[in-house]
1. Can you confirm whether the range 44-64 contains a residue that is over 11 Å from the mean Cα position of the chain (by Cα), part of a strand (DSSP E or B) and modelled with pLDDT under 95?
2. Give Ser22, Ser6, Ser40 a once-over and let me know the one that is modelled with pLDDT under 90, surrounded by 13 or more Cβ atoms within 10 Å (Cβ to Cβ), on the phi < 0 side of the Ramachandran plot and not aliphatic (A, V, I, L, M).
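The values are calculated or read from the model by the stated rules, or taken from the named source; none is laboratory data. Everything quoted here is computed from the prediction, not taken from an experiment. We place every Cβ from the backbone using ideal geometry, glycine too, and count neighbours over all the protein chains shown.
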Amino acid sequence: MRAELSGLRPMAEEILEAAVRSRLSSEGWEQVEGFLAAMSDALDRGDTDGFRRALFRLEDTVTVTRAPRKLTGAEPSERILERKALIQDRLGGDERERERTEDQDEQ
């Protein structure tokens, strides 16, 4: 599954970052939390397709933008930020940290 996730990692990172930058109603945040739970469960099961479906449902809920804009609404809860960080770690956060450490060691 790791190989299949490597293609999804950049997109997942972008969508997860967009999710925590979003300003949503409480109902919107409940949906986000559900999608993050589904993503985490899919990772537990090794279900790449389930992860992809939950990721795309999350993308449909939040606005992924590449240009700054003014956002309105509430900020994400700590629980959502923690779940986002856990999913990022499971997608390869340890690998990224090792790469950063290796790059710093080379300098």
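1. Among the residues of the range 44-64, not one is over 11 Å from the mean Cα position of the chain (by Cα), part of a strand (DSSP E or B) and modelled with pLDDT under 95, which makes the answer no.
2. After applying the criteria, what remains is Ser22.
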